[in-house]
Each structure stands twice: as C-alpha cells, then as structure tokens.
Amino acid sequence: MTQATDILPKTRLVDLSHHRKDFPILSTTVRGNPLVYLDNGATTQKPAIVIETIENFYRRHNANIHRGVYSLSQEATDAYEWARRRIAQFINAAENEVVFTRGTTESINLVAASWGRANLKAGDEIILTALEHHSNIVPWQLVAEATGAVIRVIPVNDAGELLLDEYEKLLSPRTKMVAVGHVSNSLGTINDVARIIAKAHAAGALTLIDGAQWVAHHATDVQKLDCDFYAFSGHKLFGPTGIGVLFGKCKHLEKMPPYQGGGDMIESVSFQKTLYAKPPSRFEAGTPNIAGAIGLAAAIDYVSSVGFDQIEPYESDLLAYATEQVARVPGLRIIGAARSKATVISFVLEDPVVPMLQIGMELDHDGIAVRTGHHCCQPLMDRMNVPGTSRISMAFYNTRGDIDAAVASLQRIVKDARAAQPAVAKTPLETKGELPYPQALADSVSSAGDALAEDFEMLEDREAKNEYVLEMGAKLPNSFAVLKKVTPRVVGCMSEVYLVARRKPGTKDVLEFIADADAPIVRGLISVLQGLFSGQRVGEILAYDVEGFFRRIGLDSFISSQRRNGLAGMIYRLRQSAQAIGQTS
C-alpha cells in the first residue's frame, strides 16, 4: 500500500527538523500530547538564543539609552544601535532608514498618520488590496476620513490572486500611495510586489509593503524592491513581541512630521518652539523596547545562520506535502489556490459543516495549535464567501509528522461530526407528539427574506438590531426539553441547540421545522430562520442565498463569530433535511 510519505519525489531536501531542539516550547506538551504548533502566521516560537539574549540584557546591561554617561547606559545604547545596524543589514537598508516600532501595525499607522496627514488632500487616492489585514486597512481609512482622500481596492480572483490588470486601471495621477501586503496572512498568496511597486512609481505614487508574513521565510532586500516603506514585526521572525521595524527611504522620513512627541525625538524644546531630531530618532519618542530590539537582532542572527537558501526549499516541500494531505480529509475545502504561495493552508469543513471554533477546540485537545476565524481579513472572507477559515501556517521547524498529526485529528473530527448528524435521508423527518411548527410568513423564501430584511433595515444601529433579535427569541415557543429528548444536538453551537424538521403533512416538498436553544440570542436567530424557511418548498430553500441575506441585515455587526458558527450548523442541518425531502418526494 502506498504511504503518504511516498507520494512526493524521493529526492530529499536538507532536513531542518533538527533545529526544533533550539526552540524550548516545541518540546512541551498540551493536554498530555506533544505540542504541534501550526499557528506561525500569528506568531513564531522563539529559539533559546533569543530568550537568553533578552535575559542577559536585563541581568547584566539594563539601563536607559541615549541619556546616561555611565557605563551601563553606554552598554545599553551600543547594544540598541548595534541591533539597528544588524536589522539594516538584514533588509539591505541604511541605518538611518530603520525605525523601531511596536510592530507592523504601528509601522503602518506611523506612515498613514505622519506621511498621510502631511501629504494627502481631498480627492487623492490610496490603493489597497482585497487581501489586506485590517492593520493595512483601518489606518488608511482613518487618514482618508481626516483628509478627504479616497480608498481604491485591487480585486482578487477565486484563487485569492490579485488582478493586476485591474490594478493598473486603478492607477491615475490622483494615486498617492499604494499599500500592499507582501504575503496574505489568511490565504498565503505571495504578491508580485516588485511589479506593483514599479507600476506605482510610474504613476507617481509611493508604496508601502506589509512584510509581516514574508520576512521569516524569504530574504528581504528593500533596495532591490525599491519600495518607499517596508514594515514587519519581530514576533513573526522568531523574535520577541512588542518590537517591529519600519523601513523608510531617508528622503521621505526627513520630510515627515513626528508621529508622537516626547523624550529622545527632539533636538531642543522651548515653550515657543521645538526642534525635532533627525530620523530615525524623530519617530522613536520615549523609552523604546530596548530588550526587544536586541532580541530581534539575535533572532535575525539565528535565522541567518539557518539560511534562507535552506529554509525556502524546505518550506516549499513541506507546503506541497501538507496541501496534498490536508486535501484528502473528507468534506474539507481549501480556500485560496494561488500559484505563488507561502506556507499557509486555509480551509473549511463543509460535509458535514464543522464550525471553525469547534475545529480549533478539538485540534487543541490533541495538542495541535491552529488559528480559526476571519484572521483580521473580513473583507477578504466576504470575497471568498466564507465567514472565516481554519488556518495551518508553518515554519521551518515544522515537520511532515506535524502535518500527519493534524490530518489525523481532522479526519477524526469529520468522522465524529458525521456520526452526530441525524440520518435524515433514511427517516421520514417526522416526530411523535404535537410540536408547534410555525407557518410560512410569505409565499416564497425570497419574499420572506425581503420582508425580514426590510424590518432590520428600519433599525438604526447595532443595539437596536440586537434587541430586535432578542424580542423575536422571547416569542419563540418553549420546546427545549422535548426537542432534547428526540433529536441530537446541532453540531458547532456554543449553546445547546436542538432542531427537528419534517415534510409538512399533506405536501410533497414543503419543509417545516421547530428548534430551540438555551441562549436568548440563539432563540432569536432560530426565529429568523423559521421566518425564512419554515413552510417553504425545499427547492427554494436550497437555492436561496442565505449568506447574502445575513450580509444584507448586517448580521456581523451584532452577532459574534462564535454565534455565526452555530448559525452555520443550523443552516447545514436544515439543508440536509431539505435535500432528504427532495429525494423522497
């Protein structure tokens, strides 16, 4: 029998798994199982040398910088500025072009607030992409609101790739900034930033690249890219949290006003006038994260010793193996199939539907750490027509064994979910006893949806919509105890939810259902679903764009992602029932 490890070519790359011993946390256990850490897109683990470097600073050299004439202060200052030189070398920049920040988010906010407020005016345009993390959307929205600038968005195709022909159409003399992620944190798409930068410059615009998901996996050369700004975080590069870098071309930094005011960013201060320091000090107000900068430099030394010439082919091989194995899980659909991709696999379980929250929790029980949710990319999730995904993200210390463990757990999750689902195709979908099945609110699903949507659209804000749903739930007949006895719990809900569906007596293809839950807001959601589907023909139910309906009423504004998972479980159960009725009518 062919083994999973026999599928890929026999020629093996350099095995980097021996570096696992350098990361203390990777030898720990979670819930009695060896830790399988597959959430590197959120943060990477730290090698012992980084931990020891930070500890050594605090034990032997801790002092404030740039201020003291005593030895400890001089030692701390030298170490901090050495870290700046090391980072500049790492990205091929000049020392005075490296600004220390708290991370990618602050780096982008710095540029948006400082450069943006000084240079943008009403009618100017900022180009972003549909792939962006919220940290490369919201700062630009803030500055656009303040200046009257307009945001344009590069669309993506179904594979999660940027439509660069459409990008070129967006460029105009009004374009002042193009801000793009080097790698999508949620799908792993690697963008052709060199082309994006060149086209932006040809149009007279500046560029900012979010390199948070790039720098730990590939060599970075800001001069070769010719970007105007480049931002990344230390904690995604095997370094400490709370430290990040903004590269900015000196000619831009020198013209930008300070982002924050305080100590160490001034030449002189009087109540009449303050003279600001030259970059990068101008943008580093207050006592910085000295230990963090030194720890980041140690992380860069470490990853450089491993070598990107070793890391890149190893991770490419691991991604190919992981993609093939994950795709074999029954009912699993990978979201995003870019031709150029980093070590990220985003997926949903659709047959049966297993909500993201449940996937994450059940994997954790097996010691496997993955990320679930919208990954701070809600516009992209809307584009891909999913509320969110489960995400595996890998680093060079991961192995095929890690992938095999995750796949085995996913297969168990699917098996358990299928066993918990009612055998709707083999039962008449009838229940004993009298239950208060609701009547149809309208003569078609679309009419019912329009009527409900109009009710929600009359409500002014989030609180009003939430209160309306709670009021609907309060009117739902109490059938919880009865339903709990006759039907399995709906999979994926935070609350206990029970649902029974049947063919309406005297009809061939009309579904009606009753459900109840132990949470008031969920009871309200049940009432909404009953208003849409109960008493309607199964063909209309299966064809109806229920996700579009919930977008129309602004569900995300007043329902948490966890509640959305439970809602997805109820909708899946209803569609199962509708399919079963359709097959037997």
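The values are calculated or read from the model by the stated rules, or taken from the named source; none is laboratory data. Remember, it's a predicted structure, so these values are computed and weren't measured experimentally. Glycine also receives a Cβ, built like all others from the backbone with ideal geometry; neighbour counts cover every protein chain displayed.
Go through ALA198, ALA293, ALA298 for me and flag whichever is modelled with pLDDT of 95 or more, in contact with a strand residue (DSSP E or B) (Cβ under 8 Å, 6 or more places away or on another chain) and in a helix (DSSP H, G or I).
Within the list ALA198, ALA293, ALA298, the selection yields ALA293.
It is to be established whether one or more residues within the range 530-544 are more than 28 Å from the chain's Cα centre (by Cα), closer than 22 Å to GLU463 by Cβ and not aromatic (Phe, Trp, Tyr).
yes
Looking only at the range 323-347, filter to residues that are of a type in the set (Lys, Arg) and either in the same structural domain as ARG489 (by TED's automatic domain parsing) or outside any loop (DSSP other than H, G, I, E, B) (or both); which one of those is nearest to THR372 (Cα to Cα)?
Among them, the one singled out is ARG333.
Conditions: (1) part of a loop (DSSP other than H, G, I, E, B); (2) in contact with a strand residue (DSSP E or B) (Cβ under 9 Å, 6 or more places away or on another chain); (3) free of Cβ contacts under 8 Å to residues at least 24 places away in the same chain. TYR498 meets all but one. Number of the miss?
(1)
Exactly one of these conditions fails for ARG67: (1) assigned to a loop (DSSP other than H, G, I, E, B); (2) under 31 Å from the mean Cα position of the chain (by Cα). Give me its number.
Result: ARG67 passes all but (2).
Considering only residues of the range 229-270 that are in a loop (DSSP other than H, G, I, E, B) and within 24 Å of the chain's Cα centre (by Cα), which is nearest to ILE197 (Cα to Cα)?
ILE243
Given (1) touching a residue at least 40 places away in the same chain (Cβ under 8 Å); (2) buried (at least 24 other Cβ atoms within 10 Å of the Cβ); (3) closer than 19 Å to PHE229 by Cα, identify the lone condition not met by ILE209.
Every listed condition holds for ILE209 apart from (1).
Regarding GLY548, is this residue farther than 22 Å from PRO520 by Cα, under 28 Å from the mean Cα position of the chain (by Cα) and modelled with pLDDT of 80 or more?
Judged against the criteria, GLY548 is a match.
Name the residue, out of ALA122, ALA93, ALA112, that is among the small types (Gly, Ala, Ser) and touching a Pro at 6+ places or on another chain (Cβ under 8 Å).
Only one candidate passes the filter, namely ALA112.
Looking only at residues that are in a loop (DSSP other than H, G, I, E, B) and of a type in the set (Asp, Glu) in the range 108-159, which one is nearest to MET256 (Cα to Cα)?
ASP124
Got a sec? Which of VAL269, VAL245, VAL215 is at negative phi and surrounded by fewer than 14 Cβ atoms within 10 Å (Cβ to Cβ)?
After applying the criteria, what remains is VAL269.
Sort out which residues of the range 348-376 are of a type outside the set (Ser, Thr, Tyr), in a strand (DSSP E or B) and either buried (at least 18 other Cβ atoms within 10 Å of the Cβ) or out of contact with any Lys or Arg (no Cβ under 6 Å at 6 or more places or on another chain) (or both), and write them in order of number.
Across the range 348-376, the qualifying residues are VAL348, LEU349, VAL353, VAL354, ILE368, ALA369, ARG371, GLY373.
(1) free of Cβ contacts under 8 Å to residues at least 60 places away in the same chain; (2) part of a helix (DSSP H, G or I); (3) small (Gly, Ala, Ser): which one isn't true of GLY531, the others all being true?
(1)
Do we find that SER268 is without any contact (Cβ under 8 Å) to a residue 12 or more places away in the chain, out of contact with any strand residue (DSSP E or B) (no Cβ under 7 Å at 6 or more places or on another chain) and not aromatic (Phe, Trp, Tyr) in this structure?
Considered against the rule, which asks whether it is without any contact (Cβ under 8 Å) to a residue 12 or more places away in the chain, out of contact with any strand residue (DSSP E or B) (no Cβ under 7 Å at 6 or more places or on another chain) and not aromatic (Phe, Trp, Tyr), SER268 comes out as no.
Quick check on the range 255-266. Is at least one of its residues out of contact with any helix residue (DSSP H, G or I) (no Cβ under 9 Å at 6 or more places or on another chain) and either within 24 Å of ALA93 (Cβ to Cβ) or of a type outside the set (Gly, Ala, Ser) (or both)?
Among the residues of the range 255-266, not one is out of contact with any helix residue (DSSP H, G or I) (no Cβ under 9 Å at 6 or more places or on another chain) and either within 24 Å of ALA93 (Cβ to Cβ) or of a type outside the set (Gly, Ala, Ser) (or both), which makes the answer no.
Within the range 111-139, restricting attention to residues that are among the aliphatic types (A, V, I, L, M) and crowded, with 24+ Cβ neighbours inside 10 Å, which residue is nearest to GLN213 (Cα to Cα)?
Among residues in the range 111-139 that are among the aliphatic types (A, V, I, L, M) and crowded, with 24+ Cβ neighbours inside 10 Å, the one nearest to GLN213 (Cα to Cα) is LEU131.
Do we find that GLU457 is touching a Lys or Arg at 6+ places or on another chain (Cβ under 9 Å), over 25 Å from THR584 (Cα atoms), in contact (Cβ under 8 Å) with a residue 40 or more places away in the chain and surrounded by fewer than 19 Cβ atoms within 10 Å (Cβ to Cβ) in this structure?
yes
List pairs: first in the range 391-412 and at negative phi and assigned to a helix (DSSP H, G or I), second crowded, with 17+ Cβ neighbours inside 10 Å and hydroxyl-bearing (Ser, Thr, Tyr), Cβ under 6 Å, 6+ apart or cross-chain?
ARG400/TYR321
Please determine whether any residue of the range 491-514 is surrounded by 17 or more Cβ atoms within 10 Å (Cβ to Cβ) and of a type in the set (Asp, Glu).
yes
Of all residues in the range 170-220, which are touching a Pro at 6+ places or on another chain (Cβ under 9 Å) and not hydrophobic (A, V, I, L, M, F, W, C)?
GLY204
Mind checking which residues of the range 534-551 are without any contact (Cβ under 8 Å) to a residue 24 or more places away in the chain and surrounded by 18 or more Cβ atoms within 10 Å (Cβ to Cβ)?
PHE550
Got at least one residue in the range 166-177 being more than 18 Å from PHE90 (Cβ to Cβ), among the small types (Gly, Ala, Ser) and modelled with pLDDT of 95 or more?
yes
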